[in-house]
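The values are calculated or read from the model by the stated rules, or taken from the named source; none is laboratory data. No experiment lies behind these values; they were computed from the predicted model shown. FYI the Cβ positions are ideal-geometry reconstructions off the backbone, even for glycines, and counts take in every protein chain you see.
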Amino acid sequence: MLQAVDVGRLSLSAYRGIAPEETLDQLRTLGRDLTGARVLHVNATPYGGGVSELLRSEVPLLNDLGLVADWKVITGDDAFFKVTKLIHNALQGAPTHLTAARRAAYELSARRNAEAMQEDYDFVFIHDPQPAAILRLRGKGSARWIWRCHIDTSSPNPEVWAFLRDFLSGYDAAVFTMPEFVPPGLPVDRVAVIPPAIDPLSPKNMNLSQAAARRVLNWIGIDPYATLITQVSRFDPWKDPLGVIAAYRLVREEVPNLQLALVGSMALDDPEGWSVYQKIDEARESDPQIHVFTNLTGVGNIEVNAFQRMSQVVVQKSIREGFGLVVSEALWKGTPVVAGLAGGIPLQMADGVGGALVTDVQGCAEAILALLADKPAASVVAARGRERVRQHFLLPRLLVDELGLVRELSKGRPVPQADREHRDPVCGMALGQPAVRVTVRHAGRDYLFCSDYCRQRFLAFPARYLAGGRSAAAMPLSV
Ligand code: UDP
């Protein structure tokens with residue numbers, strides 16, 4: 001059997017007053033329609049990184065809704081996880097050659113995991129490339145299979161993509177965070193666009209008093225009264241920790257008491273973490289005001305919560321990004337964010353809504369300085385970011401989108417009109433009843449957008465978002 005991950009219990013009613021009520025109503029309806037459906041989520045690691053973060057909250061909530069949901073993780077040896085990290089990087093565009101030995105290492109572990117998956121389910125969600133081959137090697141049975149891709153696969157390395165693509169035919173649906181991430185020649189007919197979300201009730205995101213957060217940080221060696229900027233992310237080159245250190249040095253010229261915390265988790269499926277850690281250690285040049293923490297030295301959810309809450313600015317200087325849950329996590333705590341213009345980050349925030357988007361070290365330093373220099377303005381910007389997260393990036397919305405897809409697959413009928421009516425044609429997000437309506441009239445129809453960012457992209461190239469129509473996100477929907 002695949003290794004099951006024990007998750008706690010969650011109740012949908014606990015989200016009342018936090019997530020939009022309309023979303024909770026939709027979720028109750030979907031739960032009623034799907035009562036008893038057996039759902040399995042499979043990924044590569046029970047901790048570290050965004051996918052495990054999502055599943056830890058999503059799976060108990062599915063059970064509360066009346067479905068029968070499990071979360072299981074695959075296993076693999078060092079060779080397997082080295083190859084899957086190479087595949088991960090190559091799918092985000094890095095040059096790589098998949099030697100015969102690497103392919104064999106991938107297939108060997110995949111075969112073992114396929115043999116270990118003996119149970120029957122109605123719906124199987126396979127997350128990311130690591131477990132993707134299980135379907136081909138095991139067979140579908142009577143389940144519907146969904147490949148949930150969390151990374152930016154818009155320009156994959158062709159050799160690696162050709163290798164992985166072979167394992168994807170047979171899936172009933174594929175889910176991406178943004179329409180742009182759908183790779184060329186995907187052999188799956190049903191494509192859905194569903195951005196991830198955070199759980200506002202998890203220990204990482206729940207309310208924590210200032211006094212408690214201050215004590216937590218003080219205990220691990222941060223001066224709670226000096227200026228603090230933080231980046232929380234796996235130690236991964238795409239998250240650009242060295243760029244963050246360079247930006248910190250520029251800001252420190254103006255803010256001498258500045259501290260930088262780099263908080264990074266070591267995930268089971270990410271063998272690159274330690275080499276990046278060493279590069280960070282060299283780059284910090286024993287600067288006592290740069291602090292580097294990992295989950296292995298006791299920095300867990302509560303500490304991350306405290307860092308994201310107490311930092312004057314949270315940085316996420318990603319160069320490539322899937323979604324970047326850390327951005328929504330920080331915004332939810334009312335902290336302004338300076339983040340790389342990459343992947344799903346601009347879905348979550350825009351200049352003036354949550355913080356600032358940047359493309360280089362200089363811009364990053366300038367944006368941090370601007371937020372530090374004008375605290376009242378920074379609070380206004382941060383409050384807008386928090387409201388945006390409340391509207392679009394809390395867990396119940398994610399479940400509405402995913403269960404809408406499950407219901408569609410179960411009955412072979414389209415997603416009900418109610419779910420489709422308010423979708424942003426650019427990012428594909430279900431919009432519910434947005435507080436601010438950003439609309440465009442185009443070719444005699446009105447379109448609704450989640451933000452000015454998506455509206456601008458639509459205006460620049462409407463045909464891109466209206467043509468083809470393979471996904472719900474690409475359909476022109478009147479509002
Ligand atoms: N995370 C954590 N501790 C760390 C670093 C990261 O708990 O030291 C969490 C972070 O809070 C977030 C997730 O790992 O929930 C990272 O998700 P994201 O989507 O930002 O990036 P990914 O790792 O999936 O690329």
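A few points about this structure:
Residue-wise test of (1) away from the ligand (no atom under 16 Å from the Cβ); (2) touching a Pro at 6+ places or on another chain (Cβ under 9 Å); (3) farther than 21 Å from residue 328 by Cα; (4) part of a loop (DSSP other than H, G, I, E, B).
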| site | (1), (2), (3), (4) |
| --- | --- |
| 201 | no, no, no, yes |
| 204 | no, no, no, yes |
| 212 | yes, no, yes, no |
| 215 | yes, yes, yes, no |
| 221 | no, no, yes, yes |
| 230 | no, no, no, no |
| 234 | no, no, no, yes |
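- Condition check for residue 236: crowded, with 16+ Cβ neighbours inside 10 Å, at pLDDT below 95 and either touching a Ser or Thr at 6+ places or on another chain (Cβ under 7 Å) or charged (D, E, K, R) (or both): yes
- Checked against the criteria, residue 138 does not count as assigned by TED's automatic domain parsing to the domain that holds residue 71, crowded, with 19+ Cβ neighbours inside 10 Å and either more than 19 Å from the chain's Cα centre (by Cα) or polar (S, T, N, Q) (or both).
- The test for being in a loop (DSSP other than H, G, I, E, B), at pLDDT 95 or above and either within 16 Å of the ligand (Cβ to nearest atom) or within 19 Å of residue 268 (Cβ to Cβ) (or both) holds for residue 75.
- Residues in the range 322-342 that are at pLDDT below 95 and more than 9 Å from the ligand (Cβ to nearest atom): none.
- Residue in the range 54-68 that is away from the ligand (no atom under 16 Å from the Cβ) and basic (Lys, Arg) present: no
- Residue, modelled with the lowest pLDDT, within the range 8-52, restricted to residues that are among the small types (Gly, Ala, Ser), on the phi < 0 side of the Ramachandran plot and outside any helix (DSSP H, G or I): 8
- Any hit, the range 237-250, residues being in a helix (DSSP H, G or I), over 28 Å from residue 389 (Cα atoms) and either acidic (Asp, Glu) or within 16 Å of the ligand (Cβ to nearest atom) (or both): no
- Counting only strands (runs of 3 or more DSSP E) that fall entirely inside the range 256-321 and contain at least 1 residues that are among the hydroxyl-bearing types (Ser, Thr, Tyr) and within 12 Å of the ligand (Cβ to nearest atom), the qualifying elements are 290-294.
- Tabulated pairs, the range 50-76, first in the same structural domain as residue 151 (by TED's automatic domain parsing) and closer than 16 Å to residue 200 by Cα, second in a loop (DSSP other than H, G, I, E, B) and more than 13 Å from the ligand (Cβ to nearest atom), C-beta under 7 angstrom, 6+ apart or interchain: 56/7; 57/10; 59/7; 60/7; 60/8; 60/9; 60/10; 61/10
- Residue match in the range 329-350 (condition: in contact with a Pro (Cβ under 9 Å, 6 or more places away or on another chain), in a strand (DSSP E or B) and surrounded by 23 or more Cβ atoms within 10 Å (Cβ to Cβ)): yes
- Of the residues making up the range 139-196, those that are more than 29 Å from residue 389 (Cβ to Cβ) and part of a helix (DSSP H, G or I) number 11.
- Scanning the range 83-106 for residues that are surrounded by fewer than 17 Cβ atoms within 10 Å (Cβ to Cβ) and not in a loop (DSSP other than H, G, I, E, B) yields 100, 101, 103, 104.
- Out of 300, 264, sole residue that is at pLDDT below 95 and surrounded by fewer than 22 Cβ atoms within 10 Å (Cβ to Cβ): 300
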